[in-house]
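The next block holds one structure in the form of structure tokens; read it before the comments.
Here, each number is a calculation from the coordinates, and none is a lab measurement. Predicted model only: the values in this text are computed from it and were never measured. Cβ atoms come from the backbone with ideal geometry, glycine included; neighbour counts cover every protein chain shown.
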Amino acid sequence: MALAQIANTAGNGVAFLVSAGIVYEVIAANCSSPQTTELNAQQRAETLMKWVNLGIGQSAFFVGAAAYFDRAHRKPIIAGGVLAAVMMYGLYAHAKAAGMNSDLPGTEQYG
């Protein structure tokens, strides 16, 4: 179903935003920003995607629960959650790759 069709029903816009918002919030709670990730990928790359994946898993639980409890808005809840998860995963994957390919020094000091 096209995004426009899902969002065309009263209440679905709010459900879509809530679902997308929880994905962003959970991943943000588990990771630093993509900019900081890029700047410090040389030191953080080993654990970075572990925490992104844990955030995606936690998000899936909350989005799934919301879809279960609010069956009338199940499609926009799932659509918002999936779209936000794909976008956030892409941001962190890009930040990691850009940081690993950069010769610039990181912003953190260790030891």
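Worth a mention:
- Order of His94, His73 - criterion: other Cβ atoms within 10 Å of each residue's Cβ, fewest first: His94, His73
- Taking Tyr24, Tyr92 and counting other C-beta atoms within 10 Å, the order from fewest to most: Tyr24, Tyr92
- Over the chain, DSSP H runs of length four or greater, each weighted -39,500 (n - 2.57), average out per residue to a 222 nm ellipticity of -25500 deg cm²/dmol.
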